[in-house]
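**Q** Shown below is the structure under consideration.
The values are calculated or read from the model by the stated rules, or taken from the named source; none is laboratory data. From a predicted model like this one, the values you see are computed outputs, not experimental measurements. Counting neighbours? That spans all protein chains shown, and the Cβs are built from the backbone with ideal geometry, glycine included.
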Amino acid sequence: MTRKGNEIRAARTSRRHEVHMDRPTEETLTAMPLDELRDARRLTQVQLAQVLRVSQGAVSKVERRNDMFVSTLRSYVRAIGGDLQLRAVFPDGEVLIDQFKSLSPSEPSE
């Protein structure tokens, strides 16, 4: 399997992404696209597709989307070893939105 596209992307992505992945949660990145996050976790689309039981093309589609179901994003994040938390950020503080905590991985996703 060729990783030419990933190698090109990795060259663009600064090394700070890999460094931050080893830090505690409080010091993690503030922003990163899903494909770069997957790369930082050292997973290919094929590997992630196997975990999610979908095609590699389906993983690619999710990584290119700007809009998706919360359950789809949660499944993706869990498959790469994380957990999804949604927060509303206001000038005077943050609020964790827990409405979606009961979503199970078996629920249909986009």
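**Q** Would you point out the residue of region 66-81, among those that are assigned to a loop (DSSP other than H, G, I, E, B) and touching a residue at least 40 places away in the same chain (Cβ under 8 Å), that is surrounded by the fewest Cβ atoms within 10 Å (Cβ to Cβ)?
**A** Restricting to residues being assigned to a loop (DSSP other than H, G, I, E, B) and touching a residue at least 40 places away in the same chain (Cβ under 8 Å), the top hit is GLY81.
**Q** Same structure again: Please go through (1) of a type in the set (D, E, K, R); (2) surrounded by fewer than 10 Cβ atoms within 10 Å (Cβ to Cβ); (3) closer than 17 Å to MET32 by Cα for ASP92 and return the number of the only condition it doesn't satisfy.
**A** It fails just one condition, (3).
**Q** Going by the structure shown, is ALA58 modelled with pLDDT of 95 or more and closer than 18 Å to GLU36 by Cβ?
**A** Answer is no for this residue.
**Q** If you go through region 37-59, how many residues are part of a helix (DSSP H, G or I) and more than 24 Å from PHE100 (Cα to Cα)?
**A** The total comes to 8.
**Q** Which pairs have Cβ atoms under 6 Å, sit 6 or more apart or on different chains, and link a residue in region 43-54 that is at pLDDT below 95 and among the hydrophobic types (A, V, I, L, M, F, W, C) to one that is surrounded by 15 or more Cβ atoms within 10 Å (Cβ to Cβ) and part of a loop (DSSP other than H, G, I, E, B)?
**A** none
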